[in-house]
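Some notes on the structure that comes next.
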Amino acid sequence: MSWIQALIIAIVEGLTEFLPVSSTGHMIITTKLLGMEGSDFVSAFLINIQFGAILSVIAIYWKKFFQSINFYYKLLVAFLPAAFFGLLLSDIIDQLLENVLVVAIMLVLGGIILVFVDKWFNRDNEAKDQTVTYKKSLVIGLFQVIAMIPGVSRSASTIIGGMTQKLSRKTAAEFSFFLAVPTMFAASAYKLLENYKAINVDNISILIFGNVIAFIVAFIAIKSFISFLTKYGFKIFGYYRIVVGLIIIILWGLGIDLSII
């Protein structure tokens, strides 16, 4: 992996991790466009640079992480479904990660949902009490399981999960960010242990570089996303997903190798 490739992938991760567009799907597409082979280090890099994105959440909301012990219990309740199904379906998930067509289809389907989701969960239906209870945490956690399918978007699924519980877009988005910390940390740590032999003195600097870039870009993306989502909703992200997904499907249907674009 070159420094330029690491820079591009880290920017894509930082921009898309907390937006409802699927960071995993975009990184899979990006690696194909860059003609990168699925080596052990590339696999480890794609997952591990999430550490940088995690740190951006902690840097922005550090006060929230010192609220009370109940805050962590709620995160644990929301995290457990993904932990259970992630271990149970790890082999299937790894196979799906190699399938660009699956990513494209999920981008389109998810995009259609985002176009209409604001109408389905109208602001008038938001509860006055925006407290995230244990029940709401569990529901959001179950929605996160859906995001194991590449192209679905962990951010979108968890925010929508929160909105089904009458949480505002802002409250749901913030809890989605908090939930990303244990979820992404566990995934990154697991992948790092699985592919630790692929990381050596020669490429550790690239890994650190990728995390730094992901942190900076994710920090900016989170700050911008909350205000944009509160004001404009999901529709623009839905249209974006549909366009990107359809382009990939058309290219796949024409038999064009994405790595030569």
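The values are calculated or read from the model by the stated rules, or taken from the named source; none is laboratory data. Here the structure is a predicted model, which is why all the values come from computation and not from measurement. Cβ sites come from the backbone with ideal geometry, for glycine too, and all protein chains shown count toward neighbours.
Looking at this structure, is MET27 farther than 20 Å from ALA173 by Cα and free of Cβ contacts under 8 Å to residues at least 24 places away in the same chain?
On the way: farther than 20 Å from ALA173 by Cα: yes; free of Cβ contacts under 8 Å to residues at least 24 places away in the same chain: yes.
So MET27 passes the test.
When LYS197 is tested against (1) under 20 Å from GLY25 (Cα atoms); (2) at pLDDT below 85; (3) not hydroxyl-bearing (Ser, Thr, Tyr), exactly one condition is not met: (1). The residue that is surrounded by the fewest Cβ atoms within 10 Å (Cβ to Cβ), counting only those in the range 141-169 that are farther than 18 Å from ALA104 by Cβ and among the small types (Gly, Ala, Ser), is SER168. Candidates are the residues of the range 224-250 that are crowded, with 16+ Cβ neighbours inside 10 Å and farther than 30 Å from LYS170 by Cα; the one that is modelled with the highest pLDDT is ILE249. Residues of the range 157-172 that are modelled with pLDDT of 90 or more, farther than 13 Å from ALA78 by Cα and not in a loop (DSSP other than H, G, I, E, B): ILE160, MET163, THR164, THR171. Selection over the range 1-34 of residues that are surrounded by fewer than 21 Cβ atoms within 10 Å (Cβ to Cβ), more than 14 Å from the chain's Cα centre (by Cα) and under 22 Å from ARG241 (Cα atoms) gives a count of 5.
The conditions of being modelled with pLDDT under 90, touching a Ser or Thr at 6+ places or on another chain (Cβ under 8 Å), aliphatic (A, V, I, L, M) and under 28 Å from TYR134 (Cα atoms) are met by LEU19.
The C-beta contact set for the range 145-162 (first residue over 10 Å from SER176 (Cβ atoms), second residue among the basic types (Lys, Arg) and assigned to a loop (DSSP other than H, G, I, E, B), distance under 7 angstrom, 6+ apart or interchain) is empty. Considering the conditions (1) hydroxyl-bearing (Ser, Thr, Tyr); (2) more than 17 Å from the chain's Cα centre (by Cα); (3) at pLDDT 80 or above, SER56 is excluded by exactly one of them, (2). Restricting attention to the range 77-106 and to residues that are aromatic (Phe, Trp, Tyr) and more than 12 Å from ILE149 (Cβ to Cβ), the residue that is surrounded by the fewest Cβ atoms within 10 Å (Cβ to Cβ) turns out to be PHE84. None of LEU138, LEU179 is at pLDDT 85 or above, out of contact with any Lys or Arg (no Cβ under 6 Å at 6 or more places or on another chain), surrounded by 15 or more Cβ atoms within 10 Å (Cβ to Cβ) and within 24 Å of LEU96 (Cα to Cα) except LEU179.
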